[in-house]
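Enquirer: Just passing along the structure, written as structure tokens.
Only the coordinates and a few stated rules stand behind these numbers; no lab work does. Predicted model only: the values in this text are computed from it and were never measured. Every residue, glycine among them, receives a Cβ derived from its backbone with ideal geometry; neighbour counts consider all protein chains shown.
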There are 2 protein chains.
Amino acid sequence: MVSTSGFNGGWSKSALAFYYSELPVLVTGGCGFIGSNLVRALVDLGARVSIIDALISGCGWHHGNLTGVAQHVYLSHADLHDIDVVRQAVTGQHVIFNLAGEISHLTSMSNPQRDLSINASAQLALLDQIRLHNPQATVVFASSRQVYGSARYLPVDELHPISPVDYNGVHKLTAEGYHALLRHQFGVNAICLRLGNVYGPRQGIHQEGRGFIDTFLRMVLKGEQLKVFGDGRQMRGMLYVDDAVEAFLRAAAAGTCASAVYNIGHPVPVSLIDVARQMAASCHAPEPVEVPFPCDRKAIDIGDFFQNTERARSELGWVPQVSFAEGLQKTLEFFKPRIAERLHAGTP
Amino acid sequence: MVSTSGFNGGWSKSALAFYYSELPVLVTGGCGFIGSNLVRALVDLGARVSIIDALISGCGWHHGNLTGVAQHVYLSHADLHDIDVVRQAVTGQHVIFNLAGEISHLTSMSNPQRDLSINASAQLALLDQIRLHNPQATVVFASSRQVYGSARYLPVDELHPISPVDYNGVHKLTAEGYHALLRHQFGVNAICLRLGNVYGPRQGIHQEGRGFIDTFLRMVLKGEQLKVFGDGRQMRGMLYVDDAVEAFLRAAAAGTCASAVYNIGHPVPVSLIDVARQMAASCHAPEPVEVPFPCDRKAIDIGDFFQNTERARSELGWVPQVSFAEGLQKTLEFFKPRIAERLHAGTP
């Protein structure tokens, strides 16, 4: 199922370039991790790219994420609650890639009202403007595998019961609900991608309190010894960011042929201890150690998790192309020359 | 399954009276329709009842709902976002019956941010105070059958897929998610009751834009001809409010033996045209007419809906006691002498 030909290989590049050439698109959260990688791909495909990003303190944006493409995009520094800016931003766009949000599970537990504002209220404000001023647009939303909570069976398909285990997951589900209403009540082609464990260049390793990938990367890049909670045998599908980006591109291009919801994760899992060992070895960091689970992390840990992505394969022709070994190598190639720069977000 | 012995009949009254006698309880939304009926039952059972209610304009409260019991309850007129009042209100309570909220599907569609604030943000604020200051309390939340959306099979059990069709349903699901986190992450005994089509005395018939029961009651009480949308053959479980109240009382008394979620609806459905005809006949109003579905109503109509309540029967011993014919008679007996008074909410 997995080859290592990379995002730029195969038939898809030319077909997608044809579709996106000169296409007006908006990327919300375009200064963030996945958002900025998507923006770069869209610029490369010849799209006319606008970005709206609030550059919220603590979220995953980084001042260097648009380096080299900033002159090719129109950037609005605004919150999604800013109705006038959002109305202008959504008007006339053919596709709205909706990646604005906070991803930290831990921060959501310590400040759930902040998470509600960023991940639910702001989404509602955005979608209201789309409904009112551009209902013809296709909207592709960055949802999360968090909506499932712990896996009751593996791999997890889109029919798996919904039971989020943290506020971030609850609010991602709320935003999915908004997109479902947009689709079913207001006739907007809204599509939700349930992303699982995405990693790669421009990941927000400068932020504390995020997932294990960010933390692991930050530590090994500083030469520190990784601590793996528990025995590290939890299995996760590790999805390289270019594969996630291609899922967004394909979902939007599928238009009204697309389903409402897709799993977008790597279907072949890796254990956390293997992730840690490969990272440490690649950075000549000390061998990882296993430590007891901290209480706050244990409470929101979901054990083994990987997704059945058959729906995305059959309907979107999407198959992840990048193995973890290859993706890790590319990720470290990006970060190693930029460690000092990447340990701070910069200024908005 | 259904007898007509009434809420006060059978073994449950004395057992519940023993449990609730002198028990400190809080009812959020205690001036509303179901809330005030619950308050009256709790006072009758000898509980020490506190209420917190924001008396929000447009919600279902009525100034007459506590007539006759006001001197036996402690009422805080405050919003759930008011941290200091809420902290004091939740402290020391054994049971917190959580019925605060807005129920209008239509209003949620025209003003979803208002619905988000009332049904999600305010709930989050309340539950935060419970988690911090009274995690020993049992919390029973008034959720809704709306979280299911349209029925994919009938009767709808608790394992039915979740797919709300309006903002009100999305936010009720968000609040359920908060209660699930309270239960699973913070160890609070939180229970959600998914209520379906409750009717009875003190229903908010003075408010526009609510469900068909409120509208039908208001119209027949004024002698007006009912208009049934479509052919009126949609089947609904009609639950008399005393039966809903008993579900709250039993769920809280079951304590940690209770499940996280229960369907609470009448399992024997009645068609909307039959509801309308029985109401009209009882009030000597003209025979109902069938009219085409208005667009805003059709969009959020869910067709036939009634619930499988086997879980509540087997775990809580809860079985609805009141047939629609009997419940309707009791409801009209309440409203007929109070029509003028009941057509306006009054002042907070």
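Enquirer: To one decimal place, what Kirkwood hydrodynamic radius in Å is obtained for chain B from all pairs of distinct Cα atoms?
Expert: 20.1 Å
Enquirer: What is the mean number of Cβ atoms from other protein chains located within 10 Å of the Cβ atom of each residue in peptide B:118-127, rounded to a whole number? Display every interim value, and only then the final one.
Expert: Details: counts 0, 0, 6, 6, 0, 0, 7, 3, 0, 1.
Across B:118-127, the average partner-chain Cβ count within 10 Å equals 2.
Enquirer: Just for the protein assembly as shown, what percent of DSSP beta bridges are antiparallel, to the closest 5?
Expert: The antiparallel fraction comes to roughly 10 percent.
Enquirer: Per residue of chain A, what 222 nm ellipticity follows from adding -39500 (n - 2.57) for every DSSP H run with n ≥ 4, rounded to the nearest 500? Intermediate results must be reported in sequence, preceding the final value.
Expert: Numbers: 14 runs with 134 residues, N = 348.
When only DSSP H runs of four or more count, the value is -11000 deg cm²/dmol.
Enquirer: Evaluate the charge dipole of segment B:127-173 about its Cα centre and quote only its size in Debye, nearest 20, assuming +1 on the Cβ of each Lys and Arg and -1 on the Cβ of each Asp and Glu.
Expert: 20 debye
Enquirer: List the aspartates and glutamates whose Cα sits under 18 Å from the Cα of A:Lys13, skipping any in the same chain fewer than 8 residues away.
Expert: The reachable aspartates and glutamates, counting only those whose Cα sits under 18 Å from A:Lys13, are A:Glu22, A:Asp44, A:Asp242, A:Asp243, A:Glu246, A:Glu315.
Enquirer: Put +1 on the Cβ of each Lys and Arg and -1 on the Cβ of each Asp and Glu in chain A; which of A:Ile302, A:Tyr199, A:His77 then has its Cα farthest toward the positive end of the dipole?
Expert: Highest projection toward the positive end goes to A:Tyr199.
Enquirer: Using unit Cβ charges (K, R positive; D, E negative) and no other charged atoms, how large, in debye to the nearest 20, is the dipole of segment B:12-342 about its Cα centre?
Expert: Numbers: 28 positive and 31 negative charges, 37 e Å.
Dipole size: approximately 180 debye.
Enquirer: Okay, moving on. Determine, for B:Asp115, A:Asp44, the number of other Cβ atoms within 10 Å of each Cβ, and report the residues in order from fewest to most.
Expert: The most exposed by this proxy come first: A:Asp44, B:Asp115.
Enquirer: Per residue, what volume in Å³ does the Cα convex hull of the protein assembly as shown take up?
Expert: Measuring per residue, one finds 152 Å³ for the Cα hull of the protein assembly as shown.
Enquirer: Okay, next question. With the Cα gyration tensor of segment B:220-348 in hand, give its eigenvalues times 5 under a square root as the equivalent ellipsoid semi-axes, listed largest first in whole angstrom. Please report the intermediate quantities before stating the final value.
Expert: On the way: eigenvalues 176, 79, 41 Å².
Over the Cα atoms of segment B:220-348, the ellipsoid semi-axes are 30, 20, 14 Å.
Enquirer: What number, in percent, do you get for the relative contact order of segment A:1-126 if the mean sequence gap of Cα pairs under 8 Å and at least 6 apart is divided by its residue count? If you can, show how the numbers build up before the last one.
Expert: Numbers: 182 pairs, mean separation 33.6, N = 126.
Across segment A:1-126, relative contact order equals 27 percent.
Enquirer: Less than 14 Å Cβ to Cβ from A:Thr138, Lys/Arg counted +1 and Asp/Glu -1: what total charge do the surrounding residues give?
Expert: Result for the local shell: +3.
Enquirer: Putting +1 on Lys and Arg Cβ atoms and -1 on Asp and Glu Cβ atoms, find which of B:Gly327, B:Leu239, B:Gln146 reaches farthest to the positive end of the dipole of segment B:12-342.
Expert: The one lying farthest along the dipole's positive direction is B:Gly327.
Enquirer: If you add up the charges near B:Met238, with Lys and Arg at +1 and Asp and Glu at -1, over every other residue whose beta carbon is less than 14 angstrom from its beta carbon, what do you get?
Expert: -2
Enquirer: So, in Å, what gap is there between the alpha-carbon centers of segment A:86-139 and segment A:227-271?
Expert: 21 Å
Enquirer: For segment B:1-155, what is the charge dipole size about the Cα centre, in debye to the nearest 20, if Lys and Arg each add +1 at the Cβ and Asp and Glu each add -1 at the Cβ?
Expert: With Lys and Arg at +1 and Asp and Glu at -1, about 400 debye.
Enquirer: In segment A:35-54, whose amide N lies under 18 Å from the spot 7 Å out along Cα-to-Cβ of A:Phe18? List them in ranges.
Expert: Once the point is set 7 Å along Cα→Cβ of A:Phe18, A:45-47 turn out to lie under 18 Å by backbone N, inside segment A:35-54.
Enquirer: Shielding by partners for A:167-178, please: the mean number of other protein chain Cβ atoms within 10 Å of each residue's Cβ.
Expert: 5
Enquirer: Moving to a separate point now. Suppose we keep just the DSSP beta bridges with both residues in segment B:12-342; what percent of those would be antiparallel, to 5?
Expert: 10 percent
Enquirer: A follow-up question, please. Determine the shielding of peptide A:235-241 by partner chains: average, over its residues, the number of Cβ atoms on other chains within 10 angstrom of each Cβ.
Expert: Counting Cβ atoms of other protein chains within 10 Å of each residue's Cβ and averaging gives 0.
Enquirer: What's the local net charge at B:Pro155, with K and R +1, D and E -1, over the other residues with C-beta under 14 Å away?
Expert: So the environment of B:Pro155 carries a net charge of +2.
Enquirer: Give the chain A residue with the shortest beta-carbon distance to the rotation axis relating chain A to chain B, plus that distance as a whole number of Å.
Expert: Rotation axis A onto B, closest Cβ, rounded to whole Å: A:Thr174, 2.
Enquirer: With 10 angstrom as the radius, rank B:Leu42, B:Leu328 by how many other C-beta atoms surround their C-beta, starting from the fewest.
Expert: Details: B:Leu42 28, B:Leu328 23.
Final ranking by Cβ density, sparse to dense: B:Leu328, B:Leu42.
Enquirer: Moving on to the next point. How many nanometers, to one decimal and shortest first, lie between the label point of B:Gln329 and those of its other copies, if labels sit 7 Å from Cα toward Cβ?
Expert: Taking the point 7 Å beyond Cα along Cα→Cβ, the inter-copy spacings are 8.2 nm.
Enquirer: Compute the label-point distances linking A:Gly209 to its equivalents in the other copies; points lie 7 Å from Cα along Cα→Cβ; give nm, one decimal, shortest first.
Expert: 3.6
Enquirer: I would also like to ask the following. Give me the Å³ per residue figure for the convex hull around the C-alpha atoms of segment A:54-170.
Expert: 139 Å³
Enquirer: 7 Å along Cα→Cβ for the label point: how many nanometres lie between B:Pro294 and each equivalent label in the other copies, listed shortest first?
Expert: Inter-copy label distances (nm, one decimal, shortest first): 5.4.
Enquirer: Now a separate question. Which ordering of B:Met238, A:Met235, A:Met219 is given by a fewest-first count of other beta-carbon atoms within 10 Å?
Expert: By the 10 Å Cβ count, ascending: A:Met235, A:Met219, B:Met238.
Enquirer: Note the per residue figure in Å³ for the convex hull of the C-alpha positions in segment B:141-225.
Expert: Spread over its residues, the Cα hull of segment B:141-225 gives 130 Å³ apiece.
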